[in-house]
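Contents: one structure, followed by commentary.
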Amino acid sequence: MASTARIPLADGPADGETVDVELDGNERPPLTHHHLGPQGLVDAQIYELESAGDQWRYRWRGPAL
């Protein structure tokens, strides 16, 4: 079974929410997270992984076009 992590979203429309992601073989989360909006992919927002001390977070980069 793969490891998972709960990672917070920072800035943007989903600020303060968290997402559960599957970690890769090196115990790292995916580099980006596409957060779906109320209309699904039409409103998707892109969040990019960054380190926050000894933790991870996804920071908002903008809408998925």
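For the stretch 16-65, build the charge dipole from Cβ charges (+1 Lys, Arg; -1 Asp, Glu) around the Cα centre, then report which of SER51, GLY37, ASN26 sits farthest towards its positive end.
Of the candidates, GLY37 comes out farthest on the positive side.
Which length gain, in nm to one decimal place, applies between ALA5 and GLU27 when the Cα-Cα distance is subtracted from 0.36 nm times their residue separation?
7.0 nm
Using only the alpha carbons, work out the radius of gyration and Dmax of the chain in angstrom.
Looking at the chain, its Cα Rg and Dmax stand at 11.8, 34 Å.
Using the Cα centre as the reference, give the magnitude of the dipole from point charges on the C-beta atoms of the chain (Lys, Arg: +1; Asp, Glu: -1; all else neutral), rounded to the nearest 20 debye.
Magnitude of the dipole: close to 80 debye.
What accessible area per residue comes out for the chain, rounded to a whole number of Å², with a 1.4 Å probe? Please list the in-between numbers first.
Details: 4490 Å² over 65 residues.
Each residue of the chain exposes 69 Å² on average to a 1.4 Å probe.
Can you give me the solvent accessible area of LEU49 with a 1.4 Å probe, rounded to the nearest 10 Å²?
Around 30 Å² of this residue is reachable by solvent.
Between beta-carbons, use under 11 Å as the cut-off and find the net charge around ARG61, counting Lys and Arg +1, Asp and Glu -1.
After counting each charged neighbour, the total is -2.
Taking all protein chains together and a probe of 1.4 Å, list ILE46, ILE7 from the most accessible to the least accessible.
ILE46, ILE7
Put SER3, SER51 in order of accessible area, largest first, 1.4 Å probe: what do you get?
On the way: SER3 50, SER51 75 Å².
Accessible-area ranking of SER3, SER51, largest first: SER51, SER3.
Put a dot 7 Å past each Cα toward the Cβ at GLN39 and THR18; how far apart are the dots in nm?
My value for the distance between the label points is 3.1 nm.
The values are calculated or read from the model by the stated rules, or taken from the named source; none is laboratory data. Fair warning: this is a prediction, and the values are worked out from it, not measured in the lab. For neighbour counting, all protein chains shown are included, and Cβ atoms are generated from backbone atoms with ideal geometry for every residue, glycine included. When the accessible area is computed, the model is the full protein with side chains, heavy atoms only, and any ligands, DNA or RNA have been set aside. Shrake-Rupley method; radii C 1.70, N 1.55, O 1.52, S 1.80 Å.
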